[in-house]
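Report on the following structure.
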Amino acid sequence: MIDFTPDYENALLSQIFTKPSLIEEHLITTDLFEDKDNRTFFEAMQAARNKGLKPDLVSISDELNRAGHVELITKIAEIRPTSTANATFYIEELRERQRKNAIAHFLLEAQEALKQGTPSTEMIDKLFQEGTRALQNNADDSGDIVKIVENYELELQDKINERKSEKLVEILTGIRSLDALSGAIQPGEMVIVAARPSVGKTALATQIAMYNARRHLPCAYFSLEMTQNEIIDRILAQCNAAPLRDLRNGFVDLERIHDPLVAIGELPLAIFDGRHDLGLLRARLRREKAINNLQIAFVDYLGLLDISMTGKMPRWQQVSEISRNLKILAMELKIVLFLVVQLNRDAEGKVPTLADLRDSGALEQDADKVILLSRSDDNSETRKIHLAKNRHGRTGRIEMRFDGENVCFEELSLSAATLKEKSTWT
């Protein structure tokens with residue numbers, strides 16, 4: 001553990017003598033003191049206060065005597081009330097020690113766990129968790145409504161100023177009619193994009209990812225069904241570099257796609273493929289947040305996420321566990337999380353509803369927004385997009401044109417020339 005003298009502890013105890021309310025103002029607890037005698041003194045102070053007494057030499061001595069610590073009564077007399085001017089400094093120094101010790105303790109546990117065969121991905125995930133918990137150890141978690149309102153007002157004023165100066169960054173889908181219905185997506189929200197196979201859920205997810213990456217918002221795309229190169233094929237097709245079929249079969253001019261490839265390479269976009277379990281996914285999301293300030297993540301698709309660590313749980317229970325964990329993680333990291341989900345077979349050939357979400361009602365419950373895709377009956381190129389759930393706004397349906405050649409969704413109201421201009425890299 002971190003070597004640290006108890007001088008700051010003694011100084012803080014002296015200040016608590018002067019102003020006992022420091023305990024509530026700074027949420028001081030017994031575990032802030034590592035010196036055994038100081039912990040006992042603090043507990044005696046609290047015991048006296050719980051009886052409605054001022055924690056002075058007499059009341060604390062009585063509590064020490066009652067607890068069987070007569071030998072400490074002489075020592076408590078050495079602690080004198082002092083000015084509280086430096087209380088915040090002492091408390092922060094003690095909390096910094098507390099954080100360091102928490103990290104050091106976990107690292108020792110992690111070393112032993114690795115020796116015992118615990119998977120490295122699981123330990124990486126736990127390392128990020130413990131690190132976040134340690135950093136939050138000094139957070140003011142007071143429920144005081146006055147402070148809550150003050151903080152809210154400050155954050156709202158920042159948003160107003162950013163909007164007036166046109167600096168407010170909003171997370172959108174890039175599809176105007178859908179954004180008008182949905183509204184901006186806020187950090188911490190989980191959005192589900194669901195459809196039957198080959199309807200366009202991956203196309204919509206990659207299109208949203210590219211729109212936001214081009215707006216300089218760091219994104220991470222986890223493709224559990226396709227390779228990284230297959231995702232690049234689709235991105236190139238969406239930016240009108242070449243039709244998807246030609247890219248897949250190699251019928252393209254490399255010079256024609258060179259500039260779009262360079263532009264893609266300059267985007268704040270990470271693409272991961274291959275098998276993932278929940279632990280590896282969480283670890284990579286935390287790493288992207290820490291290193292690249294991740295804002296938006298996509299998991300395509302949820303059904304292929306390895307959940308072997310849940311043992312022989314029923315499938316619906318496994319999906320519920322994953323959904324709950326990912327929603328909590330999105331809120332913790334303050335990112336938007338898009339989950340691509342496959343609908344039940346019952347949704348084939350009909351307009352899907354929330355009841356068609358596969359395997360678990362927890363997806364519907366945990367999601368802030370749910371987007372359901374389906375084909376229109378009279379036109380194979382037209383897709384129905386149903387915003388079936390919107391926790392913070394309206395729901396409704398819109399129709400889009402699906403360009404299969406370029407695997408992208410287009411507004412029906414836009415002209416062909418506008419669509420081409422919109423999808424071309426500049």
Problem set entry | Single residue of the stretch 370-391 satisfying the filter (basic (Lys, Arg) and more than 16 Å from residue 198 (Cβ to Cβ)) that is most open to solvent (accessible area, probe 1.4 Å) | 391
Seminar exercise, completed: If you go through 39, 80, the only one that is assigned to a loop (DSSP other than H, G, I, E, B), open to solvent by 80 Å² or more (accessible area, probe 1.4 Å) and over 28 Å from residue 128 (Cβ atoms) is 80
Problem set entry | From the options 63, 112, residue that is of a type outside the set (Phe, Trp, Tyr), part of a helix (DSSP H, G or I), without any contact (Cβ under 8 Å) to a residue 24 or more places away in the chain and open to solvent by 50 Å² or more (accessible area, probe 1.4 Å) | 112
For this session: Mind listing just one residue for me: the one in the stretch 174-187 that is aliphatic (A, V, I, L, M) and not in a loop (DSSP other than H, G, I, E, B) and, of those, most open to solvent (accessible area, probe 1.4 Å)?
Result: 180
Exercise. Restricting the stretch 333-356 to residues that are of a type in the set (Asp, Glu) and either touching a helix residue (DSSP H, G or I) at 6+ places or on another chain (Cβ under 9 Å) or open to solvent by less than 10 Å² (accessible area, probe 1.4 Å) (or both), which is nearest to residue 369 (Cα to Cα)?
Worked result: 356
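Any idea which residue in the stretch 115-133 is modelled with the lowest pLDDT, counting only those that are assigned to a helix (DSSP H, G or I) and β-branched (Val, Ile, Thr)? Write out each step before concluding.
First, pick out the residues of the stretch 115-133 that are assigned to a helix (DSSP H, G or I): 115, 120-133.
Narrowing the set further to residues that are β-branched (Val, Ile, Thr) leaves 121, 124, 132.
Numbers: 121: 70, 124: 73, 132: 63.
The extreme case among them is 132.
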Exercise. If the Cβ limit is 8 Å and pairs must be 6+ apart or interchain, which residue in the stretch 145-157 that is open to solvent by less than 100 Å² (accessible area, probe 1.4 Å) pairs with which residue that is not in a helix (DSSP H, G or I)?
Worked result: 147/140
For this session: Of the numbered conditions (1) modelled with pLDDT under 85; (2) in a helix (DSSP H, G or I); (3) open to solvent by 70 Å² or more (accessible area, probe 1.4 Å), residue 49 fails exactly one; give the number of that condition.
Result: (3)
For this session: Starting from the stretch 274-295, keep only residues that are farther than 21 Å from residue 306 by Cβ and aliphatic (A, V, I, L, M), then list their pairs with residues that are assigned to a loop (DSSP other than H, G, I, E, B) and open to solvent by less than 40 Å² (accessible area, probe 1.4 Å) whose Cβ atoms are within a distance under 6 Å, requiring at least 6 positions of separation or different chains.
Result: 294/218; 294/335
For this session: Would you mention how many residues in the stretch 392-413 are surrounded by 12 or more Cβ atoms within 10 Å (Cβ to Cβ) and basic (Lys, Arg)?
Result: 2
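Rundown of residues vs (1) buried (at least 16 other Cβ atoms within 10 Å of the Cβ); (2) of a type in the set (A, V, I, L, M, F, W, C); (3) under 21 Å from the mean Cα position of the chain (by Cα), yes/no style:
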residue: 190; (1), (2), (3): yes, yes, yes
residue: 201; (1), (2), (3): yes, no, no
residue: 208; (1), (2), (3): yes, yes, yes
residue: 212; (1), (2), (3): yes, no, yes
residue: 223; (1), (2), (3): yes, no, yes
residue: 237; (1), (2), (3): yes, yes, no
residue: 241; (1), (2), (3): yes, yes, no
residue: 251; (1), (2), (3): no, yes, no
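The values are calculated or read from the model by the stated rules, or taken from the named source; none is laboratory data. In this text the structure is predicted, and so the values were computed from the model without any measurement. Every residue, glycine as well, gets a Cβ built from its backbone with ideal geometry; the counts of neighbours run over all protein chains shown. The protein model used for the area step is the full one, side chains on, heavy atoms only, and it has no ligands, DNA or RNA in it. Shrake-Rupley method; radii C 1.70, N 1.55, O 1.52, S 1.80 Å.
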